[in-house]
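A.B. asks: Right, I'll just put the structure down here and ask away after.
Values quoted throughout were computed directly from the atomic coordinates according to the rules given, and no laboratory measurement underlies them. Just so we're clear, the structure is a prediction, and the values are computed from it rather than from any experiment. Cβ placement follows ideal geometry from the backbone for every residue including glycine, while neighbour counts extend to all protein chains displayed.
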Amino acid sequence: MNHTAPLSLSNSLKNKQVVVKWSEADTQTLSHQHLRGACPCAKCRAARIKGYLSVVDADVELIAMNPMGYGLQMIFSDGHDRGIYPWSYLRELQY
Ligand SMILES: [Zn+2]
């Protein structure tokens, strides 16, 4: 279930959300807080399993995104930059 890269990505620090345009008819909006909580790196996965990452600071911001081919590296204001979100994983996230 591979997903190709979106047509465009726009990050709003003001609204603290990312708008991902997958196609002309398919646009997804994701909050920074939700993205941080869904970080797919090994450390965050382990933390979620143990229940540590259930509460993410509402002030957390996504400060940079680096396309990596198969997905997107996200760099957050809490200093966390280990998460690379594959396109298919990103597509399945809700808000
Ligand atoms: Zn992480």
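A.B. asks: Please specify each residue of segment 40-55 satisfying the condition of being in a loop (DSSP other than H, G, I, E, B) and either more than 13 Å from the chain's Cα centre (by Cα) or touching a residue at least 60 places away in the same chain (Cβ under 8 Å) (or both).
C.D. replies: If the condition is that a residue be in a loop (DSSP other than H, G, I, E, B) and either more than 13 Å from the chain's Cα centre (by Cα) or touching a residue at least 60 places away in the same chain (Cβ under 8 Å) (or both), then 51, 55 are the ones that fit.
A.B. asks: On to the next question. Out of segment 76-95, which residues are surrounded by 15 or more Cβ atoms within 10 Å (Cβ to Cβ) and in contact with a Gly (Cβ under 9 Å, 6 or more places away or on another chain)?
C.D. replies: Once the filter is applied, which keeps residues that are surrounded by 15 or more Cβ atoms within 10 Å (Cβ to Cβ) and in contact with a Gly (Cβ under 9 Å, 6 or more places away or on another chain), segment 76-95 yields 76, 84, 85, 86, 87, 89, 90.
A.B. asks: Which ones in segment 12-45 are near the ligand (Cβ under 10 Å from one of its atoms) and among the small types (Gly, Ala, Ser)?
C.D. replies: 37, 38, 42
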